[in-house]
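Structure first, commentary second.
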Amino acid sequence: MSVIRGARERARIEVTAAIKEEARRQLAAEGASRLSLRAVARELGMVSSALYRYFPSRDDLLTALIIDAYDAVGAEAEQALAGSEGSDPVRRWTAVCRAVRGWALEHPHEYALIYGSPVPGYTAPLDTIGPAARVGLALVAVAEDAHTAGAMAAPHEAAVPLPEAVRADAWRLVKDLDRDLPETAVAGLVAAWAQLFGLISFELFGQFNNVVDAREEFFGHAVGTLAHQAGIRARPVLPAE
């Protein structure tokens, strides 16, 4: 019985992967708003009723694709974070940002699915929150390590005082994340996180055409500026004894 069950599970995994792959192909060709379970089933040579056993609705399939995309870009960010351990905080920040950009350039349609225009009629379920947080948490980890190493700007160095409402939001995030960071740093990180994806989206969706030719160099400079804006500094050099 276990052999039969194992074969069925493998078959289900293979069919699920094929459905997702065809759905990604349709995303690239038609866009998320035109994704159709019937069209996916037709291209795979399946009857639509069989496909519904894997994904009961278009929204269920979209959710699976969204989670996969968030997990994929999150894994790239985490790999860059781990690979730069021990490096200067600004370099670690830049490594994570470059990893996210690299994934986006290689997977533009999946990037557009998670960071582009909302899909009409679709509301993302709570299942997407954890995967969606992975890139942000990698950036937070850089900041927390910088703070521990004394390479984080002190709260009084903030150029513009935080409005009380923003400070309250930042304090809530500090508690939710359970991280050792000051409120000003968290507010700066949220702004930098948003601006990172603004930079990537402008490049990916053509807003930099005829404006920025040196894309790689511009991105490196821009995310270095974001690190400074978030309060991350180069690690202090200790005097020789």
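Here's a check for you: in the range 161-215, which residue that is in a helix (DSSP H, G or I) and β-branched (Val, Ile, Thr) is nearest to residue 136 (Cα to Cα)? Here the answer is 190. Kindly evaluate residue 187 against the criterion of being within 21 Å of residue 73 (Cα to Cα) and either more than 16 Å from the chain's Cα centre (by Cα) or at pLDDT 95 or above (or both). Judged against the criteria, residue 187 is not a match. All of 59, 145, 68 fail the test of being under 14 Å from the mean Cα position of the chain (by Cα), more than 17 Å from residue 194 (Cα to Cα), open to solvent by 20 Å² or more (accessible area, probe 1.4 Å) and of a type in the set (D, E, K, R), apart from 68. Among residues of the range 71-94 that are free of Cβ contacts under 8 Å to residues at least 12 places away in the same chain, those with a Cβ under 8 angstrom from a residue that is open to solvent by less than 70 Å² (accessible area, probe 1.4 Å), sequence gap 6+ or separate chain, pair up as 85/92; 87/95; 91/84.
The one condition from (1) more than 30 Å from residue 28 (Cβ to Cβ); (2) in contact (Cβ under 8 Å) with a residue 60 or more places away in the chain; (3) out of contact with any Phe, Trp or Tyr (no Cβ under 8 Å at 6 or more places or on another chain) that residue 160 does not meet is (2). Only one entry of 110, 43 meets the criterion of being over 22 Å from the mean Cα position of the chain (by Cα) and either of a type in the set (D, E, K, R) or in a helix (DSSP H, G or I) (or both), and that entry is 43. Against the criterion of being out of contact with any Asp or Glu (no Cβ under 7 Å at 6 or more places or on another chain), closer than 20 Å to residue 123 by Cα and either open to solvent by 40 Å² or more (accessible area, probe 1.4 Å) or free of Cβ contacts under 8 Å to residues at least 12 places away in the same chain (or both), residue 25 does not qualify.
Against the list (1) open to solvent by less than 40 Å² (accessible area, probe 1.4 Å); (2) more than 22 Å from residue 74 (Cβ to Cβ), the condition residue 216 fails is (1). State whether the residues of the range 33-55 include one that is within 16 Å of residue 119 (Cβ to Cβ), of a type outside the set (A, V, I, L, M) and touching a residue at least 40 places away in the same chain (Cβ under 8 Å). Yes, the conditions are met somewhere in the range 33-55.
Residue by residue, here is whether (1) touching a Ser or Thr at 6+ places or on another chain (Cβ under 7 Å); (2) under 21 Å from residue 97 (Cβ atoms); (3) modelled with pLDDT of 90 or more holds:
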position	(1), (2), (3)
161	no, no, no
171	no, no, no
174	no, no, no
177	no, yes, no
183	no, no, no
193	no, yes, yes
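Which numbered condition in (1) more than 18 Å from residue 134 (Cα to Cα); (2) surrounded by fewer than 18 Cβ atoms within 10 Å (Cβ to Cβ); (3) not hydroxyl-bearing (Ser, Thr, Tyr) is the only one that residue 152 fails? Failing condition for residue 152: (2). For beta carbons closer than 8 Å, sequence separation of 6+ or different chains, a first residue in the range 200-226 that is closer than 20 Å to residue 92 by Cα and of a type in the set (Lys, Arg) and a second that is modelled with pLDDT under 95 and open to solvent by less than 20 Å² (accessible area, probe 1.4 Å), there are no qualifying pairs. The numbered conditions (1) open to solvent by 20 Å² or more (accessible area, probe 1.4 Å); (2) under 20 Å from residue 139 (Cβ atoms); (3) modelled with pLDDT of 95 or more are all true for residue 93 except (1).
The values are calculated or read from the model by the stated rules, or taken from the named source; none is laboratory data. None of the values given here were measured: they were computed from a predicted structure. Backbone-built Cβ (ideal geometry, glycine too); neighbour counts: all protein chains shown. Just the protein is used for accessible areas: all its heavy atoms, side chains included, with ligands, DNA and RNA removed. Shrake-Rupley method; radii C 1.70, N 1.55, O 1.52, S 1.80 Å.
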